[in-house]
Structure formats: structure tokens, C-alpha cells
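First comes the structure, then the notes that go with it.
The values are calculated or read from the model by the stated rules, or taken from the named source; none is laboratory data. A quick note: this is a predicted structure, and the numbers were derived from the prediction, not measured. Positions of Cβ are generated from backbone atoms using ideal geometry, with glycine treated the same way; all protein chains shown enter the neighbour counts. Just so you know, the surface numbers come from the protein's heavy atoms only, side chains and all, with ligands and any DNA or RNA stripped out. Shrake-Rupley method; radii C 1.70, N 1.55, O 1.52, S 1.80 Å.
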Amino acid sequence: MYKELDEQALARYCSEKDRMAEDELYRRYAARVHTLCRRYLGNDDDAMDLMLETLIQALEKIDTFKFTGDGSLYAWISRIAINKALNL
């Protein structure tokens, strides 16, 4: 069920603290966010730490996410990662 959810529905379920939806968010975005973090930080260990911090923050703040169309959830999560990377 969760694999078929669009971003808006996934964000809604995550805001309701649905554990399966949170797992799906991780499955969908962890690798992409890790790659983004590695580009900014240059090493894998720091990138992994930042990716995890980013996804934790995204889940904590998911109720502030505003859906604007396909791709906006990843863009929102990416912005969190970039801001965190720039502030290191």
C-alpha cells in the first residue's frame, strides 16, 4: 500500500506518525539524500550522518511541508540537507 502513495499522501501519513509511512519515506529518499550529502561533504561517513539527521528532521517537521506538485517532497527534504551541509 505505501509504495503506491503519492508524495502528498505519504507526507500526510508521516505527519500522523504512521511508522510504515515513515519507513517508506526512508526507502524512497535515503539513497538520494545520501548522494546529495556526499557531494557537499566529500566523504561517506559524514554524508551518512547528515542524511540520517536530515530525514529525522524532515519527519519531525513534516507537518510544515506544503505540497506544490510532484517532486516537492524530495525538493523540501533536499533543502533541509543542503541547509544542514552549509551550516557545518
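Results, tabulated for the structure shown:
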read-out: Accessible surface of the chain, 1.4 Å probe, proportion on carbon and sulfur as whole %; value: 49
read-out: Largest to smallest accessible area among D46, D23 [probe 1.4 Å]; value: D46, D23
read-out: The chain - Rg (one decimal) and Dmax (whole number), Cα, Å; value: 12.5, 38
read-out: Longest site-free stretch - the chain; sites: trypsin sites (Lys or Arg not before Pro), DSSP loop, at most 15 other Cβ within 10 Å; value: 18-60
